[in-house]
1. In percent, how large is the relative contact order of the chain, given Cα pairs closer than 8 Å and 6 or more residues apart?
2. How large is log10 of I(q)/I(0) for the chain at q = 0.08, 0.10, 0.11, 0.12 Å⁻¹ when the intensity is taken from the Debye formula with one equal scatterer per alpha-carbon?
3. What percentage of the solvent-accessible surface of the chain, computed with a 1.4 Å probe over protein heavy atoms, is contributed by carbon and sulfur atoms?
4. Summing Lys, Arg as +1 and Asp, Glu as -1, what charge do residues with Cβ under 12 Å from the Cβ of MET269 carry, MET269 excluded?
5. Kirkwood hydrodynamic radius (Cα pairs, Å) of the stretch 216-371?
6. With the calculation restricted to Cα positions, what are the radius of gyration and Dmax of the stretch 419-544 in angstrom?
7. Taking the square root of 5 times each eigenvalue of the Cα gyration tensor, what semi-axes in Å does the equivalent ellipsoid of the stretch 484-533 have, largest first?
8. Rounded to a whole number of µm²/s, how large is the Stokes-Einstein D of the stretch 222-265 at 37 °C and 0.692 mPa s, given Rh as the Kirkwood radius over C-alpha pairs?
Amino acid sequence: MLSADGLTVEFSGKTLFQDISFVINEKDRIALMGKNGAGKSTLLKILAGVREPNKGKVSFPKGTVVAYLPQHLLTEDSRTVFEEAALAFSAISEMEKEIEALNVELTERTDFESDSYMELIEKVSALSEQFYSIEEINFDADIEKTLLGLGFTRDDFQRNTSEFSGGWRMRIELAKILLRRPDVILLDEPTNHLDIESIQWLEDFLINTAKAVVVISHDRAFVDNITTRTIEVTMGRIYDYKAKYSHYLELRKERREQQQKQYDEQQKMIAETTEFIERFKGTYSKTLQVQSRVKMLEKLVLVEVDEEDTSRLRLKFPPAPRSGNYPVTAENVGKCYGDKRIFGNVNFMIERGEKIAFVGKNGEGKSTLVKAIMSEIEHEGILRLGHNVKIGYFAQNQASLLDENLTVYQTIDDIAVGDIRTKIKDLLGAFMFGGEESFKKVKVLSGGERTRLALLKLLLEPVNLLILDEPTNHLDMKTKDILKQALVDFDGTLIAVSHDRDFLDGLVTKVFEFGGGKVVEHKEDIYGFLAKKKLENLREIERK
């Protein structure tokens, strides 16, 4: 379906990857893995045709439709959500208009014997055959179904795209891709701006409807659920595993152990051979043996052991000062924006040390309730903070709030006070900003690096109530695991707004579900909650 042959990419003298080749077949669902900077996004752009390799080529049969969702994009502001999504069918609409225009021309012409008339008939026939070979599509129904699946409401359809955040615009672009029914779908971090229900809908679509998929994602549960093949980009080459992500990790570990064994054996042989050469290079009777061993070493292909990403975040939250028994209490809390009620009659008590997830579709009030707890917005009812509650808050857009013109060091130096000022370099090193990295301007940092820096700011003052709104966006899997373990070990209270099921699994013991103007408390962990929700949905379908 799509073939990559001998791809090589070089950046200012450095080779990112060299002479890599692979084929994407129909029904392949591929995870593109590798450490940050290995070249995953670059490879995806080359497959999409938006970037050229230094050498090699990407080829596919004529008529193959390749669709690409980058990490960052902008949609046109002058259209409604529905109009923007309908652009997915613009090529088909243009084809239909062209056929109509050509048919009109045929009825008006009288030069029936001319070559140009015959060429016109052939063109109409070819276009018509192509048009009618396209499966019959109910455009409006398909657009509606896809937009609803990705979390939009019918009220959103006629709203202008300019009214939506970057995350929601990403969903519009994703809708356009899915509606085109492409042969190959290329997705770069598609789940960053989706809620749990939308991720599950996307998983179902990719598994049951998509033809071939290549995805870069740091969402372990998503990758494990949808993929059947893993291509790892490492040290300028690729390894292709016919296995999903979790199985790939086991195979990669086995591969590296085998490489290490072969490397150790080869190094031992080289040392012994070199010792023999040195000992007998002046001995006449051993001349032929010495020369033979020298030639052997010259021709030897050295075994390489794949690099391991040894950079490691060292994250531990300071001991939490003791708070009252109930850090947050809500009594009949509600919030409206104009005529739109977000939620109402919300009542709960959060106990000291509890770790809670806020989940639900986007727009149902998760971040709104967080802002109410933070006293950033007015609300109905009473929200009471307990005795000695000290809040550490990570906003959803925390990374983008950093001053881009400051260096990493200045960012921390500007807010550090007291004894912590003597440990800034150690802290930066623990967060993988050691040495020259600390003098980088914030503006050149990747999304993951910015998130790490924003998390570091949280550690500068001991807190006992951590409120984290989508903290894992842009973090790689290893860094997410380290953050998760630090939060498990945190001895204070935690409220986590997140769509990442794998991150929440084993971290939270209670789920607050937002939806339909209500906040419902569930005393299960995240997978217990999801299992219960699926059962409830099935019962609802049976009732219907």
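1. 15 percent
2. The calculated log intensity ratios at q = 0.08, 0.10, 0.11, 0.12 Å⁻¹ are -0.68, -0.97, -1.13, -1.29.
3. Within the chain, the accessible surface is 48 percent carbon and sulfur.
4. Residues close to MET269 contribute a combined charge of -2.
5. After inverting the mean inverse Cα-Cα distance, the result is 23.1 Å.
6. When restricted to the Cα atoms of the stretch 419-544, Rg and Dmax are 18.6, 65 Å.
7. 20, 12, 9
8. 290 µm²/s
The values are calculated or read from the model by the stated rules, or taken from the named source; none is laboratory data. Owing to the predicted nature of the structure, the values given are computational and were not obtained by experimental measurement. In this analysis, Cβ positions are derived from the backbone assuming ideal geometry, glycine residues included, and neighbour counts consider all displayed protein chains. For the accessible areas, the whole protein counts, side chains as well, though only heavy atoms, and no ligand, DNA or RNA atoms are used. Shrake-Rupley method; radii C 1.70, N 1.55, O 1.52, S 1.80 Å.
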